[in-house]
Amino acid sequence: MAALRIGGIDVFVEGDGAESIVMIHGWPDTFRLWDEQVAFFRQRYRCVRFTLPGFDVDKPRRPYSLEEMIDLLKEIIEHRSFDPQASELCEDIIGVGLVEVLHRASVRCRGHT
């Protein structure tokens, strides 16, 4: 599985659909949480997933500010190769909270689940 590098994060894109779903995991997971959902959605959607910074045990850890997380998510969601009105799929309150902040900051998103 090939990855794009956006904001220093490996972003995995699978599927051929015109619309994108950005998948945001919560604590203590990684992008792998979404394996089964990607298998289901990939025929109709472009599935975009990544491991939030600080959650990958194989990479150096450091604290990330809320501002850094918002900037990173905004950069990923607004990446030029994705649907300009991407939808988000969130695992828990961490992901939902981050996406709500993005919506309030007027980031182009269709909605979140």
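The values are calculated or read from the model by the stated rules, or taken from the named source; none is laboratory data. Because the structure is a prediction, the values reported are computed rather than measured. Reconstructed Cβ throughout: ideal geometry from the backbone, glycine too, with neighbour counts over all protein chains shown.
What to note about this one:
- Restricting L52, L33, L4 to residues that are within 18 Å of C90 (Cα to Cα), out of contact with any Cys (no Cβ under 6 Å at 6 or more places or on another chain), aliphatic (A, V, I, L, M) and not in a loop (DSSP other than H, G, I, E, B) narrows the list to L33.
- E19 vs. criteria more than 18 Å from A2 (Cβ to Cβ) and surrounded by 15 or more Cβ atoms within 10 Å (Cβ to Cβ): yes
- Checking the stated criteria, F82 turns out to be touching a residue at least 40 places away in the same chain (Cβ under 8 Å) and within 12 Å of G15 (Cβ to Cβ).
- For the stretch 12-28, filtering for residues that are more than 10 Å from L52 (Cα to Cα) and in a strand (DSSP E or B) leaves 8.
- Candidates L33, L72, filtered to the one that is modelled with pLDDT of 90 or more and not aromatic (F, W, Y): L33
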